[in-house]
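Participant: This structure is in C-alpha cells; I'll ask about it shortly.
The values are calculated or read from the model by the stated rules, or taken from the named source; none is laboratory data. Model, not experiment: these values are computed from the prediction. Quick reminder, even Gly has a Cβ in these numbers, built from the backbone with ideal geometry, and neighbours come from all protein chains shown. For the accessible areas, the whole protein counts, side chains as well, though only heavy atoms, and no ligand, DNA or RNA atoms are used. Shrake-Rupley method; radii C 1.70, N 1.55, O 1.52, S 1.80 Å.
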Amino acid sequence: MNGLGLVKGLLLTFKHFFATYLVDIIGGKKSKARRGQITADGLFTIQYPEESVTIPEEFRVIPFLVYTLDEEGQRTYRCTACGICSKVCPTQCIWITRAKDPETGRPITESAEFYIDIDKCMNCGSCAEFCPFDAIKMDHDFHIATYERGETHIFPKEKLGKPLEYYATIRPVNYQAEEIARAAKAQARATT
Ligand code: SF4
Ligand code: SF4
C-alpha cells in the first residue's frame, strides 16, 4: 500500500523518540550503557562530547607503551627494544633506537628513542599482538585531533608511555589473563 513504508518509518522514529525518555526515567544501567549503539533502546546518537559511548575492551586507537613506576617515580618501560613491533607494522610507522650502556657502549634491553607516526598508524593492533613482552598495547583514547599535522603527530616515547594501571583499567579482561599467564610462567620456572 502506498505510504505504508513511510508510516512504518515514522512509527519506528516515534518508538525510539519515546524510548529515549523511558530509558532515562526507568531504564536500568544496561539500557543506558547501550546509548549511542545500534542496540540502543532509544536514540542512536549521543550529545558528544558531553556524553560518550561505552567503549568495548577490544576497541583500538593508537598504541601506547606500558610502564611501571619505581619508588622514586621513575618510569620503567616494559619495552626491551627488540624491534619486533616495528618489523611487523604494516605501515612501518614505528621507529626505535636501542639504548647503550654508558660505560661499555654495548646495546641494552631498553629503547633510547621510540616514535610512532600516528598519521600512518592504521590501528591494526599487530604491534600489540606480536610484542613478546606485553609492552605495547592499543589505546582507547581517540581524542587526539590537533590543528597541526607535522611534529605533533609523531608521538615520542614520553607521550606514548602510559602506566600499567591505565592498561588494567581500559582492558581488564586482557590484563587479568596476562597476569595469570605471567604468574603461571614464573611458578613453572621456580619449580624447574
Ligand atoms: S614494544 Fe614490544 S615488540 Fe616493540 S620493541 Fe618493545 S618489546 Fe619489542
Ligand atoms: S597499530 Fe598497526 S599500524 Fe599502528 S603502529 Fe601498531 S602495527 Fe603499526
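Participant: Could you grab the Rg to Rh ratio for the stretch 1-110? Cα atoms only, Kirkwood for Rh. It would help to have the intermediate numbers written out before the result.
Facilitator: Numbers: Rg = 25.5 Å, Rh = 19.5 Å.
A ratio of 1.31.
Participant: For the pairs Lys100/Lys159; Lys29/Lys162; Lys87/Lys137; Lys100/Lys185; Lys137/Lys185; Lys100/Lys157, flag any whose C-alpha to C-alpha distance is greater than 18 Å.
Facilitator: Numbers: Lys100/Lys159 21 Å; Lys29/Lys162 29 Å; Lys87/Lys137 16 Å; Lys100/Lys185 29 Å; Lys137/Lys185 21 Å; Lys100/Lys157 16 Å.
Checking Cα-Cα distances, Lys100/Lys159; Lys29/Lys162; Lys100/Lys185; Lys137/Lys185 exceed 18 Å.
Participant: For the chain, what is the accessible area per residue in Å² when the probe is 1.4 Å?
Facilitator: Values: 13380 Å² over 192 residues.
Here the residues of the chain average 70 Å² of exposed surface.
Participant: Ignoring any ligand, DNA or RNA, what whole percent of the accessible area of the chain comes from carbon and sulfur when the probe is 1.4 angstrom? Before the final figure, lay out the partial values.
Facilitator: Numbers: 7930 of 13380 Å².
That fraction is 59 percent.
Participant: Here's a follow-up. According to the Kirkwood expression over distinct Cα-Cα pairs, how big is the hydrodynamic radius of the chain, in Å?
Facilitator: Details: mean 1/r = 0.0495 Å⁻¹.
Hydrodynamic radius (Kirkwood, Cα only) of the chain equals 20.2 Å.
Participant: Placing unit charges on C-beta atoms (Lys and Arg positive, Asp and Glu negative, everything else neutral), compute the dipole magnitude of the chain about its Cα centre in debye, rounded to 20.
Facilitator: Numbers: 24 positive and 25 negative charges, 154 e Å.
Roughly 740 debye, rounded to the nearest 20.
Participant: Also, I was wondering about something else. For the Cα atoms of the chain, what angle does the longest principal axis make with the long axis of helix 4-26, in degrees from 0 to 90, nearest 10?
Facilitator: Relative to the chain, helix 4-26 is tipped by roughly 60 degrees.
Participant: Another question, if that's okay. What's the angle, to the nearest 10 degrees (0 to 90), between helix 172-191's Cα axis and the longest principal axis of the chain?
Facilitator: 30
Participant: Now for a separate question. With runs of 4+ DSSP H residues as the only contributors, calculate the mean residue ellipticity of the chain at 222 nm using -39,500 (n - 2.57) per run, divided by the residue total and rounded to the nearest 500.
Facilitator: On the way: 7 runs with 69 residues, N = 192.
One gets -10500 deg cm²/dmol as the mean residue ellipticity at 222 nm.
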